[in-house]
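Report on the following structure.
The values are calculated or read from the model by the stated rules, or taken from the named source; none is laboratory data. Because the structure is a prediction, the values reported are computed rather than measured. Glycine gets a Cβ as well: all are built from the backbone with ideal geometry, and neighbour counts include every protein chain shown.
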Amino acid sequence: DVELNKFQVINVDYDDVDDFEDSTATRLSCFAHSLQLCVRDGLKNASYTSRVLGKCQSLAKSSHKSSKIADLLEEIDKHINKMNITRWNSEYLLIKSILSIEKDDLESIAKLMENPVKFSTNDLIILQEIVDI
């Protein structure tokens, strides 16, 4: 078992571990990033989530390349986050940004794509479950 009271936040701009009175405390380097890697591995192993996340990535890529899609997103006052492998929560933000768009609007966006993706009701449920976890 891990004792949570042994963890302390450390400023990563400089090593300030010596500033703490209890030097036996365990330091968790880039804990958020490690957690994201675990989550990403788990999602990758579930075939249905990989398929839905692929749709999200395709939609995001198209939305940042197409001026027509950008105009439509501006019209409905929405945006689609980019996924960035180095930013630990970018996948989460991407999913949340897609879930914030009405299904009818997602279908309108898909029609403007070179290779349209269609989000089924089940896909949207899966995305919501990922966010809830």
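Tell me the residue from Asp123, Asp105 that is assigned to a helix (DSSP H, G or I), within 17 Å of Tyr48 (Cα to Cα), among the acidic types (Asp, Glu) and in contact (Cβ under 8 Å) with a residue 24 or more places away in the chain, please.
Asp123
So in the stretch 66-82, with the set limited to residues that are of a type outside the set (D, E, K, R) and closer than 13 Å to Leu106 by Cα, which one is nearest to the chain's Cα centre (by Cα)? Looking at the filtered set, the residue picked out is Ile80. Condition test on Ser90, is it farther than 20 Å from His33 by Cβ and of a type outside the set (Phe, Trp, Tyr)? The answer is no for Ser90. Tell me yes or no: at least one residue of the stretch 3-10 is basic (Lys, Arg), farther than 28 Å from Phe119 by Cα, loosely packed, with under 14 Cβ neighbours inside 10 Å and at pLDDT below 95. Yes, the stretch 3-10 has at least one match. Scanning the stretch 39-68 for residues that are in a helix (DSSP H, G or I) and over 20 Å from Ser120 (Cα atoms) yields Val39, Arg40, Asp41, Gly42, Asn45, His64, Lys65, Ser67, Lys68. Quick check: is even one residue across the stretch 17-24 assigned to a helix (DSSP H, G or I) and either at pLDDT 95 or above or surrounded by 12 or more Cβ atoms within 10 Å (Cβ to Cβ) (or both)? Within the stretch 17-24, one or more residues are assigned to a helix (DSSP H, G or I) and either at pLDDT 95 or above or surrounded by 12 or more Cβ atoms within 10 Å (Cβ to Cβ) (or both). Looking across the stretch 108-120, just one residue is β-branched (Val, Ile, Thr) and in a helix (DSSP H, G or I), and that is Ile109. Considering only residues that are surrounded by 15 or more Cβ atoms within 10 Å (Cβ to Cβ), of a type outside the set (A, V, I, L, M, F, W, C) and in a helix (DSSP H, G or I), which ones fall in the stretch 69-102? Hits for the stretch 69-102 are Ser90, Glu91, Tyr92, Lys96, Ser97. With respect to the conditions (1) at pLDDT below 95; (2) in contact with a helix residue (DSSP H, G or I) (Cβ under 8 Å, 6 or more places away or on another chain); (3) within 19 Å of Thr49 (Cβ to Cβ); (4) of a type in the set (A, V, I, L, M, F, W, C), Met113 lacks only one, and its number is (3).
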